[in-house]
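What follows is a short report on a single structure.
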Amino acid sequence: MSPSIVNGLPAHVLFVHFVVVLVPLSALALVVCAIWPHLARRLGVLPPALALVTLVSVPLTTQAGEWLEKHVDSSSLVQRHAQLGDGLLPWALGLFVLSSALWWAARRTAPGQGDTRGPVVRLTSAPIRTAAIVLSLVVAAGSVVDVYRIGDSGAKAAWHDAYSKTAQSQGN
């Protein structure tokens, strides 16, 4: 097994499934934690940990995709997919940074916490809560839309003219 081939298949084809699942899941966790700070406290480190795994999976998938790009016929569809894929890392970084910030803020405001070092951020403060919700919604929506666009372009690159639109008769 190499980082480019897994069980005889291009690793990109397998790794992409992690990204397709983890990005929307991280986005959902981020929005939930921004809208309901009490859930951010209950979920604890789970949302930023999930966002970290997402963040790590993006460059692994991109690197495997770059290897695959060198091993398939070049086309405008493949180039477009690769170009779009390069834009996902900032969104994944945004998911991680915001998830971490919400986790940190939720820890700082948790009732009964004896740790008062550092500034106390009140997630119940209207301007801060509104900013957290808006930023979270923007990053979550942007990351999910980007994953959709990348996946759509990848499917078009992989399947364009690779199948028949009419069913093939099966011999008995």
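Just so you know, all these numbers are worked out from the coordinates, no wet-lab data involved. What you see is a predicted model, and the numbers here were worked out from it, not measured in a lab. Cβ coordinates were reconstructed from backbone atoms using ideal geometry, including for glycine residues, and neighbour counts include every protein chain displayed.
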* Just need the relative contact order of region 16-80 here, percent rounded to a whole number, with Cα pairs under 8 Å and 6+ apart. => 39
* With the contact rule set at Cα under 8 Å and sequence spacing of 6 or more, what percent relative contact order holds for region 1-112? -> 37
* Simple Cβ-charge dipole of the chain, Lys/Arg +1 and Asp/Glu -1, about Cα centre, in debye nearest 20 -> 800
* For every helix of n ≥ 4 consecutive DSSP H residues, a contribution of -39,500 (n - 2.57) applies; sum these over the chain, divide by its total residues, and give [θ] at 222 nm rounded to the nearest 500 deg cm²/dmol. => -24500 deg cm²/dmol
* Asked: Of Ser100, Leu50, Gln83, which is farthest on the positive side of the dipole of the chain, counting Cα position, with +1 on Lys and Arg Cβ, -1 on Asp and Glu Cβ, and the Cα centre as origin?
  -> Ser100
* Scan the chain and note any complete DSSP helix (H) whose C-alpha atoms cover at least 18 Å along its axis and whose Kyte-Doolittle average is 0.5 or more. => 11-35, 46-69, 88-109, 126-159
* Gain in length, Lys165 to Leu14, computed as 0.36 nm per residue apart minus the alpha-carbon separation, to one decimal in nm? -> 51.8 nm
* Structure fact -> the chain: longest segment with zero exposed trypsin sites (Lys or Arg not before Pro), where exposed means DSSP loop plus at most 11 other C-beta atoms within 10 Å, is residues 1-69
